[in-house]
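One structure is given here, and the rest of the page talks about it.
Read-outs throughout are calculated quantities, based only on the coordinates presented, and are distinct from any laboratory measurement. Nothing here was measured: the structure is a model prediction, and the numbers come from that model. Positions of Cβ are backbone-derived with ideal geometry, glycine not excepted, and every protein chain shown enters the neighbour counts.
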Amino acid sequence: MFASSSKKYSAEDVFSIVTVGRIAPIKGYDTLIAAMERLSGKGQRFALKIIGGPAVPADEDYMKLLKDDVEKKNLSGNVSFVGPVPNSEIPSHLAQADLFINLSDTGSVDKAVLEAMSVGSLVLTSNEAFKEILEPQFMFEPKNSEDLATKISNLVSRSSEHEGMGKRLRQVVVGRFNLKNLIIKISEIYHE
């Protein structure tokens, strides 16, 4: 992980960010790349991994636009398109990153965010479904690259707290989304 309770983020450190999902306009990667440009302009060092690939031919065009945008904004050294990764390897990518970002606006609880929380990763999401689950510091305004960049910067500046924050996020998943509690909730709905 990027930081422990004894390490403070410095200008020499590279903040590791990951996102996982298919490459499609609905996933908001253009907002993420715009936020990365803002961070780069402020001199913050980061490495962003985008894990996933296009699912349909139209998404191939979107991916090309994203790659062109990364090149145009001089972010090629900071942003990598990893491509599809087997589900069994996702937890490892999540655990190695300092931050997981989810730009989904679905309004339903996205399992990718829960997976990141379950390995103790910090998360940022714009998904309204998490407003009742996450503290405001882990939420950003949908399609707002400035707010996203600000929230990332805020988390970077609080590096000495990352380990504790990650543990709290993991506790949320274990407490609210474990299999036993899920079965109870389904049973209650079924018996209404």
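Residues whose amide H lies under 5 Å from that of A47, counting only those 5 or more places away or on a different chain, are F15, S16, I17; hydrogens are built 1.01 Å from N in the peptide plane. One quarter of the convex hull surface built on the alpha carbon atoms of region 23-94 amounts to 5.0 nm², the projected area averaged over directions.
What full-extension length gain, to one decimal in nm, is calculated for D68 and A95 as 0.36 nm per residue of separation minus the Cα-Cα distance?
Using 0.36 nm per residue and subtracting the Cα-Cα distance, I get 6.8 nm.
A straight chain from V82 to R38 at 0.36 nm per residue would run longer than the Cα-Cα distance by 13.6 nm.
Each Cα pair of region 42-83 feeds into the Kirkwood radius, which the Stokes-Einstein equation turns, at 20 °C and 1.002 mPa s, into a diffusion coefficient of 193 µm²/s. Calculated FRET efficiency, I26 to K167, Cβ-Cβ distance, R0 = 45 Å: about 0.90 to the nearest 0.05. Summing charges over neighbours of S80, with a neighbour being any other residue whose Cβ is under 11 Å away from its Cβ, gives +2 when K and R count +1 and D and E count -1.
Run the numbers on region 18-137 and let me know its relative contact order in percent, using alpha-carbon pairs under 8 Å that are six or more apart.
27
3J(HN,Hα) couplings calculated from phi for region 83-92 with the Karplus curve 6.51 cos²θ - 1.76 cosθ + 1.60 (θ = phi - 60°) are, in sequence order, x, x, 10, x, 3, 5, 9, 4, x, 5 Hz; Gly and Pro show x. Structure note, pairs K111/K143; K49/K167; K42/K73; K42/K167; K27/K111: Cα-Cα distances above 18 angstrom occur for K111/K143; K49/K167; K42/K167.
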